[in-house]
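Here the structure is laid out as structure tokens; the discussion comes afterwards.
The values are calculated or read from the model by the stated rules, or taken from the named source; none is laboratory data. Only a predicted model underlies this, so the values are computations on that prediction, with no experimental measurement involved. All Cβ positions, glycine included, derive from the backbone under ideal geometry; neighbour counts span all protein chains shown. Each accessible area value is taken on the protein alone, full model and side chains, heavy atoms only, with ligands, DNA and RNA left out. Shrake-Rupley method; radii C 1.70, N 1.55, O 1.52, S 1.80 Å.
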Amino acid sequence: MTLWPITSPEIAVSLVLSIATIGICVSAAEELYRRDIFGDSGLLSWSVLRYSGGTSAAAWISPLLDRMFAPKAFHAILVLKLFVAAALGLSMTLARFAPLAAGLLSAALLFVLLILKTRTSYGLDGSDHMNIQIFVAAMLFFMSPSDSTARTACVLYIGLQSVLSYTVSGLAKFAGREWRTGTALAGIFSTQIYGRAFAGRFFRAHPRFSRAACWGIIAFQCLFVLTIVGDDRILFLFLAIGAAFHIANAFLMGLGSFVFSFMATYPAVIFLHHWLRIAH
Amino acid sequence: MIRGAWDGLVVVLFGGLLLATVVHNLGLKSRRLSLLEGLGLVPKWKFFAPKPGVSNYYLLYRDRFADGSVTPWLTLHGMDSDRDAIAFIWNPNRRLRKALHDLITDLPYDLCETQPAIFKLTTAYLVIVKHISTLPRTAESRETQFLIVEKYLDQPAQTLFRSELHRL
């Protein structure tokens, strides 16, 4: 018996996509608002990025990329991102979707996310990477027959990537001297890109609290794996801490996009937890 | 039969991607991993770790006029300003500021003394020069130059790199 009835891959994936698409809509609206960044004189102009090593393409695909990344075409892609995410999110929330349509919308959204990554990695963050994982799984989910092992595998993949992301991040922090000594948060919050002046001052003025917070984050992230092996209370405790963690990061660090992309994976983590219990 | 094969294919694919993610995050490198990473299929999950970024980086630029006089250094895109209060939900400058940060930290500073020609051909350098060259400016400007500064808390700012003058 679970506290939350996410016992089928279909329910899990519709919740995952309902949450993830909100974040993608906000992100697309932000990109359209600052579409000058991708223009000919913008910081991420394709006229230079096309020569970069990471995206240098074969001769046959180069003209295609040039057309796709020209300012007007790229703006159209961003509009497509906004509308496809909105359509998919609405259909999931209202639970009115045909697998074929949902699969096509997921594939279109995955295409746009990969296009952004292909254009350049500059400016992308972890929320973009988590969204790619989600939509790879979503596309294959809707391509797979109902009640198939493949569908279950798609949801398990999202859940396992989520658990992996917290665990890897926690272990990497444990390996860092600044995290262990407790100076990391004071330092991060003192920057203008990821900080808030008052938070930086607070953590510098309270080193014991700062150290406790650093170790709290390390412990939470390293132990996130307990969501799949612990009981229901552990599962919901960690998901509640995770939600609070991401909301705090949105306010303090400006990482609002992480709230949606990472919390979107939580229904898949709940399903993974449930599936492991059934399996045993 | 077909359904079983499809199930197997999907399971193997996701198993492979999960394994690749673990290997990638352990720091092991290979051409296949780089390809998967480039496509966005294998993520790196080490957020702000093991060494978190605790410095402010600023990109400044100035122009030189035909008579040899120069403008004051200007900070690009308000990098020295704090985020808006509503940035937790509406942060349209997110990509711009992250991209500037990525470009600055991506520059191979150790090459600027030893192999300046290669340094100036890096994507990050070219992106910065191209962008600064296309900013709106007066018609009298003849050349432009950029400066990258690192500042940690209340300590004095340190110059990481000062470019040559680039003709406009």
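Remarks
- Straight-line cross-link reach from B:Lys51 at under 18 Å between alpha-carbon atoms covers these aspartates and glutamates, not counting any fewer than eight positions away in the same chain: A:Asp125, A:Glu178, B:Asp102, B:Asp106, B:Glu150.
- All other residues whose Cβ lies under 10 angstrom from that of B:Trp90 are scored, Lys and Arg at +1 and Asp and Glu at -1, for a net of -1.
- Among A:Phe220, A:Gly200, A:Leu140 the positive-end extreme of the charge dipole of chain A (Cβ point charges): A:Gly200
- Cα-centre dipole for region B:53-138 with unit charges at Cβ (Lys and Arg positive, Asp and Glu negative), debye to 20: 280
- Helix runs (DSSP H) in chain A reaching 27 Å along axis by Cα, Kyte-Doolittle at least 1.0: A:9-33, A:71-93, A:99-119, A:232-253
- Taking the Cα centre of the protein assembly as shown as origin and assigning +1 to Lys and Arg Cβ atoms and -1 to Asp and Glu Cβ atoms, the resulting dipole is close to 320 debye.
- Cα centroid separation - region A:215-278 against region A:161-214, whole Å: 18
- Accessible surface computed residue by residue for the protein assembly as shown, with neighbouring protein chains in place and a 1.4 Å probe, gives 47 Å² per residue.
- Dipole in debye (nearest 20) - chain B, about Cα centre, beta carbon charges: Lys, Arg +1; Asp, Glu -1: 540
- Residue order for B:His131, A:His206, A:His129 - accessible surface, 1.4 angstrom probe, largest first: A:His206, A:His129, B:His131
- Between A:Asp40 and B:Ala66, the modelled labels are 2.5 nm apart [label points 7 Å from Cα along Cα→Cβ].
- Between 0 and 90°, nearest 10: helix B:2-25 axis offset from chain B longest Cα axis: 40
- Average Cα contact separation per residue, region B:42-168, under 8 Å, 6 or more apart, as relative contact order %: 31
- The apolar share of the surface of region A:175-276, taken as the fraction of accessible area on carbon and sulfur atoms (1.4 Å probe, ligands and nucleic acids excluded), comes to 72 percent.
- Charge context of A:Cys222, other residues only, Cβ under 15 angstrom, K/R +1, D/E -1: +3
- Share of carbon and sulfur in the accessible heavy-atom surface of region B:55-153 [1.4 Å probe, %]: 58
- The trypsin sites (Lys or Arg not before Pro) of region A:175-226 include none that DSSP puts in a loop with a beta carbon having at most 16 other beta carbons within 10 Å.
- Neighbour net charge for B:Ser34 - beta-carbon separation under 14 angstrom, K R +1, D E -1: +4
- Probe 1.4 Å, all protein chains present, accessible-area order of B:Met1, A:Met68, largest first: B:Met1, A:Met68
- Rounded Å value of the spacing that divides the Cα centres of region B:72-105 and region A:62-86: 24
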